[in-house]
Amino acid sequence: MDIKKNLKVLLVVPNFRWCEWNKNTLWHYIPYNFCLLASMVIDKCDVKILDANLLNLTEDDFKCELSRLKPDLVGITVLMDQYGTSGHKAAELAKSYDKETVVIMGGVYATTNSQKVMEDPNIDYAVIGEGEYVFRDFIGYCLGKNLLPVKGISYRSKGKVIHTGHSEFIKDLDALPLPAYHLIDFDKYANNAHRKSVDSPRKYPYARILTSRGCPYECVFCQVEEISGRKIRYRSSENVLEEIKWLKDKYNVQSLIFDDDNLFLNKKRANKIFQGMIDRNLVMPWVAIAVAVFALDEELIKLMRASGCEYIDIAIESGSQRVLKEIINKPVNLEQAKEMNRIARKEGIYVAANFIIGFPGETWDEIRETIKFAEDINVDYMKLFAAIPLRNTELWKLCEKEGMFRKNYGKSTAQWSSGQINTNEFTANDITILRAFEWERINFADKEKRKRTAAMLDITKEELLKIRKKTIRDVVHLISNNSKA
């Protein structure tokens, strides 16, 4: 490639609505990873961030932005497999603007689909795994200052695709810089959650924060092992508290969402973070998503509440101890989960619980066990998902080997509300129907639960009813699509 002295880099979040199946996505997350990447290279090049999803850019709008910004290099991230086509469309548009533009893709989709990504002639490079140091070295390569990174990148040489494997996992997360939020319109993200959900921010402006990477557990449905590795790596409590203070002082952040898979696993560190928030006048409302319920205890929950915790969703996944142990591989004790829910709710924390149905090897009666447990545990809100075989997970490998995917699975999308797996016990459509109707029955049969959920969503009971009715009506659409697929 041609060496540039003044490299203009444009980091692009593609518009998910460019996917044919999806016209209504409202996931406008702060592009934390891109802001972190930008901080790594801001002293080496002219870097800008363009969030086509937030701005809802059309393809023509995007081409106009390319003409205005004139990048030498376009970096594209795709958050999930489901939105892969939007990333390929962004690459196509970048090359149509100027075929000499260097296009590099990273993120979850590139990591789990590197072969497919590099089959696209519009993509020159792909970053596989954690990209901060790989991207920094790649920019150095573009500037003629160092060689191409040895690991974590895919590229073409003499017409052949070269895969160098996964990047090295970053050992010292404290060494990473703060994200370059000054490169985005932070208020557009921080002052609006863009979609109503029980896990939405409690106050605005808000920020998302990630304090660890990796997961030591072997849940059959999870991609974290491939993305972040089996060994968990933590930022120090001091480093986390410094970021929270920075967010509060510089951006007037009033609430937080912790995005960790294992925020509570190291209890000593978790205690230091929450006690530090209290001691340093950093108490503010915060929520934590997909919490490992087995990592909680009463003392920790009380400290969480004192530091501002208002909501958690606990990842129980199944109401069958056999399914948890033999199929999902998740070390959840159902009796302990009940007790943690009781304590958290007593302390004034709003508790949701995640459940998944439709795994291969799961019987219909065990699915009913999960439904019964989800009802009996009496959380404030129950999230019920269909099992989704994400690429390269153990669940994916099993479904691929046994031919369990619904017809044409993955060509359009995998939605958590829709069954994707056919077994001798149930069909994908069985799961779609059961999921929708049990979600409605358990969450909204009780007047007090309806009232609490509407309050959490900050909507009227009439607006909540519209959402409930739409969810049931969508079942017809989902089944129709699955039948055509």
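Read the figures in this text as sums done on the coordinates, not as results from a lab. The structure presented is a predicted model; accordingly, all values stated were derived computationally and were not measured. Positions of Cβ are generated from backbone atoms using ideal geometry, with glycine treated the same way; all protein chains shown enter the neighbour counts.
Once the dipole of the stretch 192-484 is set up with Lys and Arg at +1 and Asp and Glu at -1 on Cβ about the Cα centre, which of N333, I472, I356 lies farthest towards its positive end? Result: I472, furthest along the dipole toward the positive end.
The distance linking the stretch 406-463 with the stretch 239-286 is 32 Å (Cα centroid to Cα centroid, whole angstrom). The Cys residues in the chain with no partner Cys Cβ within less than 4.7 Å of their Cβ are C19, C35, C45, C64, C142, C215, C309, C399. When only the Cβ of Lys, Arg, Asp and Glu is charged (+1, +1, -1, -1), the dipole of the stretch 192-484 relative to its Cα centre reaches about 880 debye. Distant-in-sequence amide contacts of S418, defined by a placed amide H-H separation under 5 Å and a gap of 5 or more residues or a different chain, comprise A386.
Loop-resident trypsin sites (Lys or Arg not before Pro) (DSSP state other than H, G, I, E or B) in the stretch 264-372 with no more than 15 further Cβ atoms inside 10 Å of their Cβ: R280. Label sites at E238 and N329, each approximated as a point 7 angstrom past Cα along Cα to Cβ, lie 3.7 nm apart. Need one number: nm distance between label points at W364 and S157, each 7 Å from Cα along Cα→Cβ, rounded to one decimal. About 5.7 nm, to one decimal.
Of all aspartates and glutamates in the structure, the ones whose alpha carbon falls short of 19 Å from that of K231, not counting any fewer than 8 places away in one chain, are E130, E132, E168, D172, D174, E218, D259, D260, D261, E394. Helical content alone sets the calculated 222 nm signal of the chain at -12000 deg cm²/dmol, taking -39,500 (n - 2.57) per DSSP H segment of four or more residues and averaging over every residue.
For the stretch 421-427, 3J(HN,Hα) computed residue by residue from phi via the Karplus equation (6.51, -1.76, 1.60; θ = phi - 60°) reads 10, 10, 10, 5, 8, 7, 9 Hz, glycine and proline entered as x. If you model the stretch 332-485 as an ellipsoid using its alpha carbon gyration tensor, with each semi-axis the square root of five times an eigenvalue, the axes come out at 29, 20, 12 Å, biggest first.
When restricted to Cα atoms, the stretch 278-396 yields an Rg and a Dmax of 15.4, 51 Å, respectively.
Once the cut-off is 19 Å, how many percent of the Cα-Cα pairs in the stretch 317-372 end up in the long-distance tail?
32
Here the ratio of the Cα radius of gyration of the stretch 357-412 to 2.2 N^0.38 Å is 1.36. Can you work out the base-10 log of I(q)/I(0) for the stretch 8-163 at q = 0.09, 0.15, 0.16 1/Å, using the Debye formula on its C-alpha atoms alone? With no solvent term, the Cα-only Debye profile gives -0.25, -0.72, -0.83.
Its relative contact order, with pairs defined as Cα atoms under 8 Å and 6+ residues apart, puts the chain at 11 percent. On the basis of the beta-carbon distance and an R0 of 35 Å, K171 and T58 show a calculated FRET efficiency of 0.25. Using the alpha-carbon positions of the chain, Rg (one decimal) and Dmax (whole number) come out as 22.6, 67 Å.
Pairs K188/K451; K99/K160; K8/K95; K44/K145; K372/K397; K89/K151: which are spaced more than 21 Å apart, C-alpha to C-alpha? Violating the 21 Å limit, Cα to Cα: K188/K451; K372/K397; K89/K151. Put simply, the amide H of G152, placed in the peptide plane, has neighbours under 5 Å in T164, G165, H166, S167, leaving out anything fewer than 5 places away on its chain. Using C-alpha pairs below 8 Å separated by at least 6 residues, the relative contact order for the stretch 8-163 is 22 percent. Stretching the chain fully between I42 and D446 yields a gain of 140.1 nm (0.36 nm per residue, less the alpha carbon separation).
Legend: residue pairs K203/K272; K196/K449; K116/K325; K383/K470, Cα-Cα distance threshold 28 Å; pairs beyond threshold, K116/K325.
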